[in-house]
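Structure, as structure tokens:
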Amino acid sequence: MKRKAHLFGIRHHGPGSAALLKGALDALDPACVLIEGSPEGDALIDFAALPGMKPPLAMLFYAADEASNAIFAPFAEFSPEWVAMRWALARGRPVRFIDWPAAVSLATRKEERDAELAPPEMEQGGPENDEEKPEGGAHQLNALTLDPLDMLAEAAGYSDGEAFWNGLIEQHGGSQSPLDVFAAIEVAMTEARRHPYAQEGVEAAEQLRQTRREAFMRGHMRDALREHAGDVAAVVGAWHVGGLRAETTVAEDRAIIKDLPKIKVEATWAPWSDGRLSYASGYGAGVISPGWYRHLWNLYSNPEHRSPEAFAALWQAQTAALLRAEGHAASTASAIEAARLALGLASIRGLSMPGLSEMRDASLSALCHGDDGQLSLIERKLYIGSRIGEIDDVVPQMPLARDFELWRRKTRLKTEEAPSEATLDLRSDAGLLKSIFLHRLNLIDIGWGRLIDAEAGRGTFREIWRLAWTPDMTVGLAEALVWGVTIEQAAAVATVERARKAEGIARLSDLVRGALVADLPEAAGVCISLLQAAAVQTSDITELMNAVAPLTRIVRYGTARKLPQEEMRALIVALSAEINAGVRIGSHQLDEQATAARTTAMRAYDEALGLFGDAALLEDWRRQLAIMVDDAQVVAAVAGVSLRRLHDLALWDEASVTAAFSRHILGETAARAGAFVEAFLTGSVEVLIQDQTLLFLIDEWLCGLDETDFVESLPLLRRALSNFDMVGRKRVFERIAGGRREQLTSVIAAADNPAFERALPLLRQILGMNP
């Protein structure tokens, strides 16, 4: 009789499948274990037995010449594939992967992308959507539009295939005869696969991919049967069982996989997370609730927890603890009541054990008193989980990944998927070290931390970062290997490379700042030289202004970081001299967009020069402001900003400011006058509250406009006033109303009209004037 491998059809990341598989392997005691997965992972299997390997973890496969072309193969502690690996390693049995190689998978996908024929999930790009999506998970069959399990579920009286598989397998993994269950799964899935609707709606490319994968698997199974005299166990997605039992010849299978493209592939272990195991993350083989599945796995792994009472009590106790951590009252008595309610609901619904739905309903009623809001606060921690995997120290990793881990331990930063804030005091060695690490990571596009505040509170001694780690950053580290093998080297090389390719002064300025705050002095020196050379060539005054502001802020870091102060100050002086020399001529004939950019840059530049403290530069700049106010060819908004700065700095007296203001609004077109007023008013409202002459000049100008010009000017004025807070606007209106009352009083005193006299009480009441 022809020998056959024992096929164990499982659901990827299914705790019931994992428990059944462990029981089946114990009963069969195979000589060899085969697992659905890329064979390049064989070299990584032995590491799974190390004590420091704590799931969730993933095997990362990436193209040697293009790290962004990558796939992950994730494992939780309740994944059947992980259980199979650990079982074989504990008993010294050969274990290997039998799916099609990652070299073929990645090469095929690259060809599809190049031909713009990639499947939708691949077109999204980036490793965040490139987890290996094994077909054959019992609840999801990739591109199938009709899940054959739904047909089985309907026949068995379940609402859908998901509920069917959960009810029969995942929630009863420890209470059945494993070999009999897998035999039944084989029969059911084989029959379901033969159904005429099983492949309906599946794209031809997907069918071909599935056929090729199963041809590879059959070949590996033949090899194992030939090499081993004992039983051979193959752990595969349940959907594949029927295909792997197909009677094909060696020649036929070789013809199916002949001439497939291949590329060189690197493989390594990488940390994974509960959030990325979730189906909601977009992972095709994900599960709805990793946290719930971990609870199920603990049930199967610990005999003392297998009673329904203990199972329900532990889950509700965990729910109560999370609610208390969020500040809600959740007593032990309420947790006990919730556990009893969950058991009662399971009994009413004909279940031997409470499922996730029963547990949630009981928690909502007994612990949250029907308040969905309370439960929603802990749903992610409870149902998804917050665990991030850890890799044993002896596991070989990419050089950058290893250096990343050394930095992480040195800085004591925790990789957590949930966003958190870190406030760093740059005066302390620990705070400065963390800041340098996070800045360097940003330079190589590893966005673990995002700087949200660098200058609030106690000046430049404090930084506030928002941290959020994702497994994709492992791929980012692989991509960054082109720049170096350490975080410091990669950040420096990446910065210099981008500086040499940078277009524009502002970009170079950002790179200078990035290199300095990341403590990369050599890279900063190169960027400064490139910036100086670019500044000589540019005629864009706005861009130069935008460069000076951040550079000035960098100089202020000098008390917390070691910076090349002399070189930086020389650079700022050189840039500022160029700006002061060309700002007047450069402010002629600007279009609307360029004008808006110029006025914004002027305000930032003016503030930066004040911080920089160079008296000669400040004097020259303020002289240019005065010249621009009197230059009729300078665009109105630039003149408005210039006059406002001269007013705020008290460089011009009230009479001079009023005269200049009057020249720019009276007799001018509505558009030019409105633009001037808008630019002048932008900022603090005090200028109008304290200077009544200016206030009434604007009032006079508005009152003198005809209807067309008024309508044209109104949006500009509204935009300017919108920058004032409610209190400021109210004070301005009160000043205007007060002036109008005085004018009205004089009119009333001169009036001699009986009708007017009769209307006076009402008029006084409307204007809020005392009798």
Exercise for the section: Go through (1) open to solvent by less than 30 Å² (accessible area, probe 1.4 Å); (2) in contact with a Lys or Arg (Cβ under 7 Å, 6 or more places away or on another chain) one by one and return the number of the condition Ala339 breaks. Expected result: (2)
Practice task
May I ask you to list pairs of residues, at least six apart or on different chains, whose Cβ atoms are under 9 Å apart, with the first in region 292-315 being acidic (Asp, Glu) and the second being loosely packed, with under 15 Cβ neighbours inside 10 Å and in a helix (DSSP H, G or I)?
Solution key: Glu304/Ala310
Handout entry: Meets criteria (without any contact (Cβ under 8 Å) to a residue 12 or more places away in the chain, under 22 Å from Tyr293 (Cα atoms) and surrounded by fewer than 18 Cβ atoms within 10 Å (Cβ to Cβ)) for Ser347
Key = yes
Exercise for the section: Give the number of residues within region 367-401 that are touching a Leu at 6+ places or on another chain (Cβ under 7 Å), open to solvent by less than 50 Å² (accessible area, probe 1.4 Å), outside any loop (DSSP other than H, G, I, E, B) and closer than 18 Å to Ala325 by Cβ. Expected result: 5
Problem - Residue count, region 476-515 (criterion: within 17 Å of Leu438 (Cα to Cα) and under 19 Å from the mean Cα position of the chain (by Cα)) - result: 3
Problem - Failed criterion for Lys54 (all others in (1) in contact with a strand residue (DSSP E or B) (Cβ under 8 Å, 6 or more places away or on another chain); (2) farther than 20 Å from Gln397 by Cβ; (3) of a type in the set (Lys, Arg) hold) - result: (2)
Handout entry: Scope region 46-91; condition part of a loop (DSSP other than H, G, I, E, B) and under 23 Å from Val482 (Cα atoms); matching residues
Key = Ala64, Asp65
Exercise for the section: Take the residues in region 407-442 that are of a type in the set (A, V, I, L, M) and in contact with an Asp or Glu (Cβ under 9 Å, 6 or more places away or on another chain), then tell me which one is most open to solvent (accessible area, probe 1.4 Å). Expected result: Leu432
Problem - Some residue of region 643-652 being closer than 17 Å to Leu681 by Cβ, touching a Gly at 6+ places or on another chain (Cβ under 9 Å), assigned to a helix (DSSP H, G or I) and not polar (S, T, N, Q) - result: yes
Handout entry: In region 221-259, residue farthest from the chain's Cα centre (by Cα) [restricted to those that are surrounded by 21 or more Cβ atoms within 10 Å (Cβ to Cβ) and not small (Gly, Ala, Ser)]
Key = Val232
Handout entry: Selection status of Arg498, more than 18 Å from Glu566 (Cβ to Cβ) and of a type outside the set (Gly, Ala, Ser)
Key = yes
Handout entry: Residues located in region 599-617, provided they are aliphatic (A, V, I, L, M) and at pLDDT below 85
Key = Leu611
Handout entry: Residue tally, condition in contact with a Ser or Thr (Cβ under 9 Å, 6 or more places away or on another chain), more than 21 Å from Asp653 (Cα to Cα) and assigned to a helix (DSSP H, G or I), over region 608-635
Key = 5
Problem - Unmet criterion (only one of (1) assigned to a helix (DSSP H, G or I); (2) touching a Lys or Arg at 6+ places or on another chain (Cβ under 9 Å); (3) open to solvent by 30 Å² or more (accessible area, probe 1.4 Å)) for Leu590 - result: (1)
Fill in the blank from the handout: When region 618-658 is checked residue by residue, the ones that are among the small types (Gly, Ala, Ser) and modelled with pLDDT under 85 are Ala650, Ala655
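Which residue is farthest from Ala270 (Cα to Cα), if the candidates are limited to region 404-441 and must be assigned to a strand (DSSP E or B) and small (Gly, Ala, Ser)?
Filtering first and then ranking leaves Ala422.
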Handout entry: Qualifying residue in region 482-499 (condition: surrounded by 17 or more Cβ atoms within 10 Å (Cβ to Cβ) and among the acidic types (Asp, Glu))
Key = yes
Exercise for the section: May I ask you to list the residues in region 59-94 that are of a type in the set (Gly, Ala, Ser) and either open to solvent by 10 Å² or more (accessible area, probe 1.4 Å) or over 22 Å from Asn298 (Cβ atoms) (or both)? Expected result: Ala63, Ala64, Ala67, Ser68, Ala70, Ala73, Ala88, Ala90, Gly92
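The values are calculated or read from the model by the stated rules, or taken from the named source; none is laboratory data. Because the structure is a prediction, the values reported are computed rather than measured. Virtual Cβ from ideal backbone geometry, glycine too; neighbours counted across all protein chains shown. These area figures cover heavy atoms from the full protein model, side chains too; ligands, DNA and RNA do not enter into them. Shrake-Rupley method; radii C 1.70, N 1.55, O 1.52, S 1.80 Å.
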